[in-house]
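Worksheet: the structure to be examined is printed underneath.
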Amino acid sequence: MRPLLAILGTLSLVLGTLGIVLPVLPTTPFYLLTAWCYLRCSRKLYDKVMSSRIFGDTVRNYMEHRAISRKTKAVSIATTLLTIGISVAVVDSVWIRILLACVAAGVSIHILSMKTLR
């Protein structure tokens, strides 16, 4: 079971990292899944993820406080709007533009509705 959890954790880590630049792929849920998998299969992998300079604090804050920092909210929303804005600019279909705008609004509302860590 441990090898399967390690593989699943690594896959979710890759998908979460791709989610940083792909607007419809979430980042934090994949990083949370990574932490969960690694915690159950390897303390060494878990500690490595939790000490990550890039996303360790975000995962820890969510796991311990069920909250994200104001800075993380701002960066998440800005990145979402930027990447979806670029997508809207290059797509010709009005319906896809509307769908992308709805995705941007939904993601932004979700992020804003989460508890803010002080």
Self-check item: the chain: angle of helix 70-90 to the longest principal axis, Cα-based, in degrees nearest 10
Solution: 50 degrees
Self-check item: Candidate aspartates and glutamates for bridging to residue 48, where Cα separation is under 19 Å - those fewer than 8 sequence places away on the same chain excluded
Solution: 57, 64
Quiz prompt | FRET E, pair residue 91, residue 71, Förster distance 22 Å, beta-carbon r, rounded to 0.05 | solution = 0.15
Exercise. Just subtract the alpha-carbon distance of residue 51 and residue 116 from 0.36 nm times their residue separation and send over the number in nm, one decimal.
Key: 21.3 nm
Quiz item: Taking the Cβ of residue 69 as the center, what net charge do the other residues with Cβ under 9 Å away carry, scoring Lys and Arg +1 and Asp and Glu -1?
Solution: +3
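Per DSSP H run of at least 4 residues, take -39500 (n - 2.57); add these up for the chain, divide by its residues and hand me the 222 nm value, nearest 500 deg cm²/dmol.
-25000 deg cm²/dmol
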Quiz item: Taking the Cα centre of the chain as origin and charging only Cβ (+1 Lys, Arg; -1 Asp, Glu), how large is the dipole, in debye to the nearest 20?
Solution: 520 debye
Exercise. Please work out which option in (i) 1.04; (ii) 1.12; (iii) 1.17 gives Cα Rg over 2.2 N^0.38 Å calculated from these coordinates, and answer with its label.
Key: (iii)
Exercise. Please give, to one decimal in nm, the separation of the simple spin-label points placed at residue 79 and residue 21, each 7 Å out from Cα toward the Cβ.
Key: 1.2 nm
Practice problem: For helix 28-41, report the angle its Cα long axis makes with the longest principal axis of the Cα atoms of the chain; keep it between 0 and 90° and round to the nearest 10°. | Solution: 10 degrees
Quiz item: Could you give the angle, 0 to 90 degrees to the nearest 10, between helix 94-113's Cα long axis and the longest principal axis of the Cα atoms of the chain?
Solution: 50 degrees
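Rule-based calculations on the coordinates, nothing more; no lab input. Quantities reported herein were computed from a predicted structural model and do not represent experimental measurements. As a convention, Cβ positions derive from the backbone with ideal geometry for all residues, glycine included, and neighbour counts pool all protein chains shown.
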